[in-house]
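S.K.: For reference, the structure I am asking about is given below.
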Amino acid sequence: MILLTFNLLNIEADAKNGVEISDEERLKITENNTKAILRILDIHDTKASFFVEISIAQKLQNLIKAISSKGHEIAFYNKNSSLQEIEEIKKFTQDLLEKQIRGIRQKDVKLAQKDLKLLEFNYVSNIDNANILFPFKRLKRDTEINEEDGLSIIPESISPYSQLPYNDFVFQILPMKYYQNMVFETLKNDEFVLIYLNSWQFTDFKKYQFDIPFYRSLFLGRKMEDKLDALLAWINEKEMATSRMKDYIF
């Protein structure tokens, strides 16, 4: 099973040459990037899970409704929000969609699982930092779903052969043929492959001059759109199964 997920969050990088890019502009970039992702998913009739960063969720009401109406899952990405803020946004979004929000993803700030359970989440999908040295830091880890504190804990996927993780940077940098082989070989060994990408990777960095590291600026924008399109076309061609996170777990 392929679990395709997207993190919706504003790009935090400063602009080059001291140019100011407002929070409103950053939010619009996130919205436009997400619409590009949705178009590609529609073309290939593929459903995914979208992890919306807590601090911008209330500002993206129309986008969240559009994502949900197309059959995709809405979950949350916690960057540095408090439990109270998460609880408030969770209730607001559930009322907006008239659906239960089951999943949450964390990276740098990880709240206690027992507290997340009290907020009636059903699963946690934590991720790690994906810098240029990340693939070489850990060569082995658990890739099975575990139950802890009443929650399903979904680990990041890692290739048992190349030992590369399926994070946003690896997708961005690897040639598609190599990435496809990695997915194919991993599914021979593991029950699922969890792929995650960030909405900011679909930004046109020629139009918006953000100051990001060189290695992170490669193959972004339209090239990311083309790469996602190629991946989904290959998945359908090989008749590989895909699923939203909540459906696979429950």
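The values are calculated or read from the model by the stated rules, or taken from the named source; none is laboratory data. All values derive from a computational prediction rather than experimental measurement. Using ideal geometry, Cβ is built from the backbone for each residue, glycine included, and neighbour counts are taken over all protein chains shown.
S.K.: I'm trying to understand the selection: among the residues of region 158-170, which are without any contact (Cβ under 8 Å) to a residue 60 or more places away in the chain and either under 30 Å from Ala112 (Cβ atoms) or surrounded by 20 or more Cβ atoms within 10 Å (Cβ to Cβ) (or both)?
M.R.: First pass over region 158-170, keeping only residues without any contact (Cβ under 8 Å) to a residue 60 or more places away in the chain: 158-167, 169-170.
Those that are without any contact (Cβ under 8 Å) to a residue 60 or more places away in the chain and either under 30 Å from Ala112 (Cβ atoms) or surrounded by 20 or more Cβ atoms within 10 Å (Cβ to Cβ) (or both): Ile158, Ser159, Leu164, Pro165, Tyr166, Asn167, Phe169, Val170.
S.K.: Now for a different question. Looking at this structure, is Phe121 outside any helix (DSSP H, G or I), at pLDDT 95 or above and surrounded by 15 or more Cβ atoms within 10 Å (Cβ to Cβ)? Write out each step before concluding.
M.R.: Details: outside any helix (DSSP H, G or I): yes; at pLDDT 95 or above: yes; surrounded by 15 or more Cβ atoms within 10 Å (Cβ to Cβ): yes.
The answer is yes for Phe121.
S.K.: Report yes if Lys177 is more than 25 Å from Met1 (Cα to Cα) and surrounded by fewer than 21 Cβ atoms within 10 Å (Cβ to Cβ), otherwise no.
M.R.: In short, no.
S.K.: May I ask you to say which residue of Leu97, Leu9 is touching a strand residue (DSSP E or B) at 6+ places or on another chain (Cβ under 6 Å), farther than 30 Å from Lys188 by Cα and surrounded by fewer than 21 Cβ atoms within 10 Å (Cβ to Cβ)?
M.R.: Details: Leu97 fails: touching a strand residue (DSSP E or B) at 6+ places or on another chain (Cβ under 6 Å).
It is Leu9.
S.K.: A further question on this structure: Taking the options Tyr196, Tyr179, name whichever one is within 19 Å of the chain's Cα centre (by Cα) and under 22 Å from Lys28 (Cα atoms).
M.R.: Criteria check complete, one pass: Tyr196.
S.K.: Still on this structure, please answer the following. Where in region 2-71 are there helices (runs of 4 or more DSSP H), lying wholly inside it, with at least 1 residues that are farther than 25 Å from Leu83 by Cα and without any contact (Cβ under 8 Å) to a residue 40 or more places away in the chain? Spell out the reasoning first.
M.R.: Details: elements: 23-43, 54-57, 61-69.
Qualifying helices (runs of 4 or more DSSP H): 23-43, 61-69.
S.K.: State which residue pairs qualify: first residue touching a residue at least 12 places away in the same chain (Cβ under 8 Å) and inside region 208-235, second residue basic (Lys, Arg) in any location, beta carbons under 8 Å apart, and separation of 6 or more residues or different chains.
M.R.: Correct list of pairs: Gln209/Lys16; Phe210/Lys16; Asp211/Lys16; Phe219/Lys227; Gly221/Lys206.
S.K.: Specify which of the listed residues (Glu120, Glu53) is farther than 22 Å from Phe169 by Cβ and of a type in the set (Asp, Glu).
M.R.: Result of the check over Glu120, Glu53: Glu120.
S.K.: Now a separate question. Would you call Asp211 touching a strand residue (DSSP E or B) at 6+ places or on another chain (Cβ under 6 Å) and of a type in the set (Asp, Glu)?
M.R.: No; evaluated as a whole, the condition is false for this residue.
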